[in-house]
Structure formats: structure tokens, C-alpha cells
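These notes are about the structure you will find just below.
Laboratory data are not the source of any read-out in this text; all were calculated from the coordinates shown. Since the structure is predicted, the reported quantities are computational estimates derived from the model, not experimental observations. Counting neighbours? That spans all protein chains shown, and the Cβs are built from the backbone with ideal geometry, glycine included.
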Amino acid sequence: MKKNISPILALVVGIFTCGSYVFGDDPQARPGDPLHNLTEALMQRFDVGKLAFNEELTIEGGLGPIFNKTSCGNCHNNPVGGPGSQTVTRFGHLGKKGGFDPLAELGGSLLQAEAISEDCAEMVPVEANVTTFRVTNGALAYGLVEAISDEDLLANRDSQPEAQRGEAHMVSNFEDPTDELHVGRFGWKAQVASVLTFSSDASQNEMGLSNRFLPFDNAPNGDEELLANCDTVADPEDGPDAEGFDFIDRVTDFQRLLAPPPQTPKFGVQGEIIFNDLGCAVCHTASFITADNPEIESVLRNIAIRPYSDFLLHNMGIAGDGIVQGAGGGQELKTPPLWGIAYRNPMWHDGRFSDGTFESRIRDSIAEHGVFGSQGIPSAEAFANSTPEEQDMVLQFLQSLGQLEFDSDSDGDVELNDFHGYIDTTGFRGCFGVPVSPDDPCAIHDIDQDGDVDLDDFDIFLLAFDTTPSDCNANGVADMLDILLGEADVNNDGVPDVCQVCVGDMDDDNIIDVSDLLVIIGSWGTCSNCPADINSDGVVNVTDLLYIVESWGPCT
């Protein structure tokens, strides 16, 4: 029997418009979303910046003559602004006495693999005896990372044990006329400290777009005569738009205003305690608070963030890339932030750990910390010597870094499958009213982390829900709430049975019989929104067949 609810409760938890409930806290931003609470003006800057980030640069617009990609979004695409699986090539020459030459006079150390014509193409010079791939870093929450003060990064470094202590890569920003040094935090060698410098450098080196800070194009393998013949657009190619902003300013806005990846649950996972005990948090520092600096946009000031990185260089021994970049040595790499690692593929600086499962990629990455000469050896050995149960808990914690709230099937959205679940206990409905700890599967629905999944969490679930919730009986309450409060939903499709005349009656003859059974058999296998998929799990299988058999006979 349906439980009675007061008009006030119905108002609070049942009124919905445009797919979102009026009341309740906002869910965490999804990867690629803007920061919460942006002003209208900042939101407009974010949107315009996103368009620029995805804009395909043309030859007439300044592409090339040598380049790697035609847009920022070609590389940063998981999601837009996030990491990618694309790689670029770095090269150089390592002398017999150990000195590294980036072969700058031959176009090094970055190879631009594409060109506007074959005559302008660049290649790895024969003089190079060191080459490596670099996989695309994510640009999510770059504004928040930029807003960490140098003092906090340096203080964190000083607190690290000497054997694992990182090195701050001190660099200047293009936009700073004083050439003051700051702690680098972007790039695999932490070679960049500001988002605008990053945008300028990437625009010129990855797309060939000269700009106000780098007002020249790269010569193919250092050949200036060839550049003169290939460069068809006057430098600098990037200039102000109708509102006075350059391309590099627009993409900087987008990256600065991107939200950090979600972490679900946010706190209390037992695996994080083990992660800390193993020494992983020495380098993968969990949290910082951004500076309360009036020169920074207010939305970026005094914000607690959990990037799980110290943004310092660490010696990774023979697992390094061999490339010297500024003060970053050949064996040194910046500690990559772990937020968002749940969906990151591939892993490691060169993408050496790809495909497979999340568990296999993580285990391989942890083991790689233990190679000869690496500062990560103690943590890698501690993990290897821990119990299988402890290792599984660490992996469970790491998979929470980037996990969407309510996304119980981990497919990157919040939909009916996450309400009823393929197996009832995995969805919100199966978890409703159940006591949970942060280590339980149902913790993905306990958003306020008060130890149970209740109507407070359901308010936020509806905010995160991807489509407008249905209200089949027009009572002003979402169908899913009716079901939580006692309305029957035998076939687990998120719609009360009272709204369905006869579930499983494929030919609408008011009886479930052989003809309906034949429809099930004829639709067997994967399907999308097909009537034979009675439990709406995306596949017609024995579960749907058994429902027909159990409901055999006249509809009631």
C-alpha cells in the first residue's frame, strides 16, 4: 500500500522543474563541468572559452606550419578539458658523460608530428638517442591548482621525509614583467606555473599558433629557411577578438574555471588510511587550501581542494623519461594529481599502462614506483607486502577519485539504471533506508555521509538525474519517490505498476501468452528502449523471459 505523505513533504521532495528539484544541496560537478557558483559574467567567459578550446584551427587562422593537433580539445578530451590518450614525442641526445642536449637547434625537444604540407614536415633527427612519449595531462581545475600559494607548496615539500622529498621547479610566468619565480605545477616536469603561460606555450608548440608571448613559429627541425617558405601567416597569428581577448585568454578562462573531478564518497574510505600508512600520501598530498589573494577571482580563493599531488618533481629512477626540461632532470617527473584517476586511461607519463582494467592499470603503476633509483620504492614495497584485503581497499579508495555520485553502474551518467540497479541492491532503491559506511557499495548514494541513504540523499539524486523525472500519475511527485514510499514497481523500471496496464503484454491483447513470449525470444540480446526489455537493463535475456512466464495469463 502506498504510504501517505503530507502536502509539505510532497512540496519539498516532489516538485521538479527541468529535471531538477528546487530544494537540496548541489551534487558535485561532473568532469568537464564549470565550478559551482560562477557569476553570470564568469559563466559566459567559461562558455566562450570552451568554444575556443574546441575550435579547429585552420592554416589561414595560424595553424602550423608544424603542429601536433588542430585544437586543444583534440588532446584534452576525456572529458573536454580533461586528460587524453594522445601522446606527443620528446627527444634529445644523451652524451657519454651524462649531459643532455635537447637538440634545440634541430627542433627539439618536442616533435611536431604534423605539418601543413609534406615539404614542411619535421622528424626526429638522427642525432637523437633519447626519445619518449608524453601522454596528455588533464586541465581540470587548473585555476584552483594555480591558486595554491607557492608558500604552501614549499612548506609541504619541507615537511616531507628527506628520502622522499620532492624538488620545486621554480619558473617564471610569461605574463609577469618582473620574472619573479614561482613553483611550477603544470606539465610532466612541472615546467609551468600559470594557466596563461600554459595556454601560450601549448598554442605555439602544439598547434603552431604564435601569440603575444611567443610571437614566432617553430622552424621544422630548426631550419629557418624552410620556416620562411612554409609560414604563410604573419606573426603573431593570435590576436584580439571583438571583445579584445586573444585566443590564449579565452582558453585560459575555460581551464581556470573548470571544476575538479568528483570524489565519491568524499571521506572515510578505509583504503585512504592504508594509502597514507603505505607512504603514498608523502608525494600524493591529499589537500590544499587555495590562497585568499584578492588578485585571484573570488570563486577560486580560500577553497579546499583534494588533488592528491604535491606538484613537485621526484626522482623516478629508470621509470623516468630521460628528458631534461629546465631544472627538471631526466629521471624526474612531477607527481601527477590522482583526482579523476577512476576514468584515466592510459596511465604513467608515456601511457605505458593502458587498456585492461582499472585494477590492472593501478597495480602496474604502483609496481612501477619500485624500479631502480625511484623515490617511490618504499611505498611500492609496502603495498606489495600488504595483505590482499588491504590492497583491495586501496584500489577501492583510488576508484573513488573521479567517481560520480549516484553512478552505481559507473557508466558516466545518472539514470534509471542507477535508481533500480541491474541488481536491486546496487541502485538507489535497493540502498534506500540501509545503514552504510563509506566502504559499502551503497555509499555512492549516501551523499551527505550521515550513515544511511534517505530522502535527503534523494533530493540530491534528483538534481543529478540526467533527464526530467517522470510523473505518470500526475500527483506532483516523481515516480521514483512514489516507489521509494511504497508504490509497487515489480519490473524495476522506475515507473509505478499502477501506471502500466499490463507489463509484458507486447501485443496489447490483455493477456500474456505465447505471442508475448515469442516477442521476447525474437528480441533476444542487446537492445535500446525496446519493449521486450522489461526490466530496462539494456538487454533482453532470461530475466525478461522469466517475467513473462511468472505473469502468464490474463492481465489483472
**Rounded tilt (10° steps) of 455-464 against the dominant C-alpha axis of the chain** = 60 degrees
**Prompt:** Per residue, how much space in cubic angstrom lies within the convex hull of the C-alpha atoms of segment 503-556?
**Reply:** 65 Å³
**Request:** Enter the Cα centre distance for the pair segment 267-346 and segment 212-232, rounded to the nearest angstrom.
**Result:** 36 Å
**Message:** With the cut-off at 1.5 for a/c, could you classify segment 168-312 from its C-alpha gyration tensor as rounded, prolate or oblate?
**Reply:** prolate
**Asked** Could you give the distance between the Cα centres of segment 477-529 and segment 407-467, to the whole Å?
**Response** 23 Å
**At most 10 other Cβ within 10 Å, DSSP loop - trypsin sites (Lys or Arg not before Pro), segment 96-140** = LYS96, LYS97
**Projected-area average for segment 335-449 over all orientations - Cα convex hull basis, square nanometres** = 8.4 nm²
**Prompt:** Modelled label-to-label distance, TRP552 and LYS97, 7 Å Cα→beta-carbon offset: nm?
**Reply:** 9.0 nm
**Request:** Give the peptides 514-526, 304-316 in descending order of average Cβ contacts within 10 Å, highest first.
**Result:** 304-316, 514-526
**Message:** In whole Hz and in residue order, list the ³J(HN,Hα) couplings for segment 104-118 that follow from phi through the Karplus curve 6.51 cos²θ - 1.76 cosθ + 1.60, θ = phi - 60°; x for Gly and Pro.
**Reply:** 4, 5, 10, x, x, 9, 9, 7, 8, 7, 10, 8, 6, 7, 4
**Prompt:** Rule-of-thumb check for the chain: C-alpha Rg over 2.2 N^0.38 Å?
**Reply:** 1.12
**Message:** Ignoring GluC sites (Glu not before Pro) that are buried or in helix or strand per DSSP, and keeping those with at most 14 other beta carbon atoms within 10 Å, what is the longest stretch of the chain between them?
**Reply:** 296-556
**Asked** Can you give the Kirkwood hydrodynamic radius of segment 278-359 from its Cα pairs, in Å with one decimal?
**Response** 14.8 Å
**Prompt:** Extension gain GLU162-ARG301, at 0.36 nm per residue separation less the Cα-Cα distance, in nm?
**Reply:** 46.9 nm
**Prompt:** Rounded, prolate or oblate: which one fits segment 441-497, using the alpha carbon gyration tensor with axes a ≥ b ≥ c (rounded when a/c is under 1.5, else prolate when a/b beats b/c, else oblate)?
**Reply:** prolate
**Message:** Tell me the mean residue ellipticity at 222 nm calculated for the chain from its helices only (DSSP H runs of n ≥ 4, each -39500 (n - 2.57), averaged over every residue, nearest 500).
**Reply:** -7500 deg cm²/dmol
**Complete:** In segment 44-305, lysine pairs 8 or more places apart or on different chains with C-alpha atoms under 30 Å apart total 7
**Rh (Kirkwood; distinct C-alpha pairs) - segment 44-305, Å** = 20.1 Å
**Item:** Spacing of the two label points (7 Å from each Cα toward its C-beta) at CYS472 and ASP448, in nm
**Value:** 2.9 nm
**Item:** Three-way shape label, segment 67-144, alpha-carbon gyration tensor, a/c 1.5
**Value:** oblate
**Dipole magnitude of the chain, debye to nearest 20 (Cβ charges: Lys/Arg +1, Asp/Glu -1, about Cα centre)** = 1600 debye
